[in-house]
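A short write-up of the structure that comes next.
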Amino acid sequence: MAFADTLEHPTEARAWKGSIPVWHRYTAGIAGERFLRTLQEQGKILGARCEPCGVTYVPPRMYCERCLKPLAESSWTEVGPRGELVSFTRVYLDLDGNRLETPRWVGLVRLEGASGVLLHYLQAPEGALLRSGMKVEAVLKPARDRRGSILDILHWKVL
Amino acid sequence: MMDQWVYATTGLHEKDFEAGQVLVETWEGKAEYAWDTGIAMGRFLEELRRGRLVGRRCNSCRRILFPPRMFCELCFRPTAEWVTLGQTGTVITYSLVHVRWDMVRLEQPQVPAVIAMDGAAQGMGILHLLGEVAPEKVKMGMRVQAVWKPAEDREGSITDIRYFKPIR
Amino acid sequence: MTMRRVAVVGAGMTKFVRRAQETGRELAWEATSKALESCEMGIDQIEAVVMGTGPDAFDGVHMKAEWLADGAGAWGKPYMRGYVGGGTGVFSVAQGWYHVASGLFDTCLVVCEEKMSPAQPHPQGAFLTIFDNFIERPLGPNLLWIFALEMNAYMQRYGLRKEDIAQVAVKNKRNAADHPASLLGDRDITLQDILDSEVMAWPVQRLDVSPVTDGAVAVVLAADNVARRVTPQPVWIEGVGWNLDSAYWTNRDLSYPTYVEEAARMAYRMAGITEPRQQIHIAEPYDPFDYKELHHLEGLMLFPKGKAAEATALGITQRNGDLPVCPSGGLLGVGNPIAAAGLMKVAELFWQLRGEAGARQVPGNPRRGVAQAWGDLMQVGTVVVMGK
């Protein structure tokens, strides 16, 4: 069925501008808090292992997503700092679609001991040819610059 | 008893955040929109600029719908024609508001109301503000009329009506 | 209608808190793990999961239900989200119900989660587009306007005073003092406390409203034959109903919730209830504001229009009264994490009908209860009837 009316004048075709005025403050959570504090204070990357399911979660979690059992502190373990590059890409645009002054690499890395991959910036020598399977190492900021954030890791460095 | 099935969730206080006791990330999302007014609302806003309130008639149930819409939700068929309403109506309900949406207190209370417009079907109200009336004098069923901005200040907005005031 | 019988066999929840440290996923897991523990089931015995959760803009996570899935045990399982604003908590049970009643699944886990605290400066900001962007938002409204306008319409229609309504807040906050998960339980609160609280949008005062809250609840549903193996006391879902009214809220009669009556008729018809006031022993209507408990009791056809306040004043709705209403303490007492609040009421009926409600236990062996929730632009009614 069609509407029995059309607009009589172009000014009737309007758009009304507005916004949803909210910003967000996210807690790291019970598991996230411990993961980030350890990264900040000890410079270590932690994972949590569910032995029956054979999975080591990085970042670590409060519970195994497969069997739902709690992952107690005793099941938490250090992973990395070395790992394997699983995938990578070179990024040219920012969030608003504008060209970055300097394009950057990002990579998915499976740290030694982890089951899944972790996303972070990737540092590669100029003109280097990257391949999945390459060995990388997590480079951290100096202790005094760490804030308890994933950015306490500076980047993955291709070895 | 069910007490054992309640998890000991960790509650925080605002001061825990202020003291940096918990790690947080913040994000200021830019959720900006340009909403298309559509056919009914586009015309409605244009008529407001001209100092008029319009509704739409459904020829099946014969109601005059206000705010106007291009189809009748009861009969589920297109509405048939534009109808110009009067400037007066009746207060169906009202409130005296002392806070903003972020809970900051207002200096002067606002008086929003739902006003059933004369000429529309029974109970066809819209939300607007009441003015030129002391808050304690507002009554259910009060008769009110629209007070407009001067023609040159109108933009084709619901705020082209400044408020509704009691008919004396 | 020939559908399988479905029962609630387990329930669990988080504490309801003002700001949880837990992420939304962790909240979902806390409730889910307690629910499974309560009926000694493992996640591998759950065949499908239904998630009820409110605006993505509260937690601040896009596709929030998918993000919550792992905490709700949905990894690798058929998963569905339902969202009808505050009505979600009870609606999610109807969704879970038809998963099992249809014969498609023998068990279904229903989880409801809400983390409102991330939204800054106030979760209301996420709600502002509930108003028409063209003809309402330019007036600068906030959410309290709608509730205050509805409350005033109700009060004026039936000649009710603030005292008549505030007694509901007193009852529920006192009841909640006995709920281990409650945020606002207060054994000593008085009518004067409510009447003295700050006026926000007259007639709404601060203590008439339930606050921003974080929390999660989960229940386990099972088909007839499975339910009887899991627990000696299954609580049957006897009727479900849901109904939506127009979003043109200013075109409606605000003094009566027609959408609740329509949803209740659907649920009562299924449950074989012809005289609700006689056949229902406990009611958990949605009470984000004190006046809404009264409004909804009338929509549920438990009291005549305009008469619920009188019944409250007579003590009929106290825990030891003739028809206990919100023995849990409701949203006013326990808290209001939007989607989870309704499921808290369903869990309450589950515990009450099994005699497990502890200090909140309604005496006299209640055998049938109704839970109801409400949401969207004050337009959805969702109802579940439970019995043993």
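A few remarks follow.
- Test: C:Asn243 is among the polar types (S, T, N, Q) and farther than 30 Å from B:Glu136 by Cβ: yes
- Considering residues of the range B:133-157 that are assigned to a strand (DSSP E or B) and without any contact (Cβ under 8 Å) to a residue 60 or more places away in the chain only, the residue surrounded by the most Cβ atoms within 10 Å (Cβ to Cβ): B:Val144
- Of the candidates A:Pro81, A:Pro59, the single residue that is in contact (Cβ under 8 Å) with a residue 12 or more places away in the chain and touching a helix residue (DSSP H, G or I) at 6+ places or on another chain (Cβ under 6 Å) is A:Pro59.
- When restricted to residues that are assigned to a helix (DSSP H, G or I), over 14 Å from the mean Cα position of the chain (by Cα) and not hydrophobic (A, V, I, L, M, F, W, C), the range C:71-126 contains 6.
- Scanning the range C:57-98 for residues that are among the small types (Gly, Ala, Ser) and surrounded by fewer than 21 Cβ atoms within 10 Å (Cβ to Cβ) yields a single hit, C:Gly76.
- Note on the range A:57-93: residues that are within 19 Å of the chain's Cα centre (by Cα) and away from chain C (no Cβ under 14 Å) amount to 17.
- Some residue of the range C:179-200 being in a strand (DSSP E or B) and either within 14 Å of chain B (Cβ to nearest Cβ) or within 30 Å of B:Leu48 (Cα to Cα) (or both): yes
- Residue in the range C:6-29 that is of a type in the set (Ser, Thr, Tyr) and farther than 17 Å from A:Pro70 by Cβ present: no
- Enumeration of residues in the range C:5-56 that are modelled with pLDDT of 95 or more, part of a loop (DSSP other than H, G, I, E, B), surrounded by fewer than 24 Cβ atoms within 10 Å (Cβ to Cβ) and more than 9 Å from every other protein chain (Cβ to nearest Cβ): C:Arg5, C:Cys39, C:Glu40, C:Met41, C:Glu47, C:Ala48
- Checklist (1) surrounded by fewer than 17 Cβ atoms within 10 Å (Cβ to Cβ); (2) more than 27 Å from A:Ala31 (Cβ to Cβ) applied to A:Trp105, failing item: (1)
- Residues that are more than 16 Å from C:Leu254 (Cβ to Cβ), crowded, with 24+ Cβ neighbours inside 10 Å and touching a His at 6+ places or on another chain (Cβ under 8 Å), drawn from the range C:366-381: C:Gly369, C:Gln372
- Every listed requirement among (1) in contact with a Lys or Arg (Cβ under 9 Å, 6 or more places away or on another chain); (2) closer than 30 Å to C:Gly272 by Cβ; (3) surrounded by 22 or more Cβ atoms within 10 Å (Cβ to Cβ); (4) more than 14 Å from every other protein chain (Cβ to nearest Cβ) is met by C:Val235 save one, (4).
- When C:Leu36, C:Leu68, C:Leu27 are checked against the criterion of being closer than 21 Å to C:Gly333 by Cα and not polar (S, T, N, Q), a single residue qualifies: C:Leu27.
- Taking the range C:337-372 as the range and being within 14 Å of chain B (Cβ to nearest Cβ), within 10 Å of C:Gly89 (Cβ to Cβ) and in a helix (DSSP H, G or I) as the test, the residues that pass are C:Ala340, C:Leu343, C:Met344, C:Lys345, C:Val346, C:Ala347.
- In the range A:19-32, the residues that are more than 7 Å from chain C (Cβ to nearest Cβ) and either surrounded by fewer than 19 Cβ atoms within 10 Å (Cβ to Cβ) or at pLDDT below 95 (or both): A:Ser19
- None of B:Val111, B:Val91 is touching a helix residue (DSSP H, G or I) at 6+ places or on another chain (Cβ under 8 Å) and either of a type in the set (Lys, Arg) or modelled with pLDDT of 95 or more (or both) except B:Val111.
- Some residue of the range B:30-48 being within 24 Å of B:Trp148 (Cβ to Cβ), more than 7 Å from chain A (Cβ to nearest Cβ) and charged (D, E, K, R): yes
- Any hit, the range C:25-40, residues being over 25 Å from C:Val383 (Cβ atoms), under 21 Å from the mean Cα position of the chain (by Cα) and among the aromatic types (Phe, Trp, Tyr): yes
- When restricted to residues that are crowded, with 16+ Cβ neighbours inside 10 Å and touching a Cys at 6+ places or on another chain (Cβ under 6 Å), the range B:42-90 contains 3.
- Residue satisfying condition, being at pLDDT 95 or above and crowded, with 24+ Cβ neighbours inside 10 Å, within set C:Asp193, C:Asp214, C:Asp178, C:Asp164: C:Asp214
The rows are residues; the columns are (1) crowded, with 23+ Cβ neighbours inside 10 Å; (2) closer than 20 Å to C:Gly375 by Cβ; (3) charged (D, E, K, R); (4) more than 7 Å from chain B (Cβ to nearest Cβ).
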{"site": "C:Leu128", "(1), (2), (3), (4)": "no, yes, no, no"}
{"site": "C:Phe131", "(1), (2), (3), (4)": "no, yes, no, yes"}
{"site": "C:Leu139", "(1), (2), (3), (4)": "no, no, no, no"}
{"site": "C:Met155", "(1), (2), (3), (4)": "no, no, no, yes"}
{"site": "C:Leu160", "(1), (2), (3), (4)": "no, no, no, yes"}
{"site": "C:Val168", "(1), (2), (3), (4)": "yes, yes, no, yes"}
{"site": "C:Lys171", "(1), (2), (3), (4)": "yes, no, yes, yes"}
{"site": "C:Arg174", "(1), (2), (3), (4)": "no, no, yes, yes"}
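- All strands (runs of 3 or more DSSP E) inside the range B:93-132 with 3 or more residues being more than 7 Å from chain C (Cβ to nearest Cβ): B:105-110, B:112-117
- Count of the range B:61-83 residues which are within 20 Å of the chain's Cα centre (by Cα) and under 17 Å from B:Ile126 (Cβ atoms): 7
- Answer residue from the range B:1-12, given it is in a helix (DSSP H, G or I) and loosely packed, with under 15 Cβ neighbours inside 10 Å and is farthest from the other protein chains (Cβ to nearest Cβ) among those: B:Gln4
- Restricting A:Leu68, A:Leu119, A:Leu111, A:Leu93 to residues that are hydrophobic (A, V, I, L, M, F, W, C) and either closer than 30 Å to B:Glu18 by Cβ or in contact (Cβ under 8 Å) with a residue 40 or more places away in the chain (or both) narrows the list to A:Leu111.
- If you filter the range B:13-28 down to residues that are more than 7 Å from chain A (Cβ to nearest Cβ) and part of a loop (DSSP other than H, G, I, E, B), you find that the one that is farthest from A:Arg34 (Cα to Cα) is B:His13.
- The residues of the range B:25-55 that are more than 19 Å from the chain's Cα centre (by Cα) and at pLDDT 95 or above amount to a single one, B:Arg50.
The values are calculated or read from the model by the stated rules, or taken from the named source; none is laboratory data. Computed from a predicted model, the values in this text were never measured in an experiment. Using ideal geometry, Cβ is built from the backbone for each residue, glycine included, and neighbour counts are taken over all protein chains shown.
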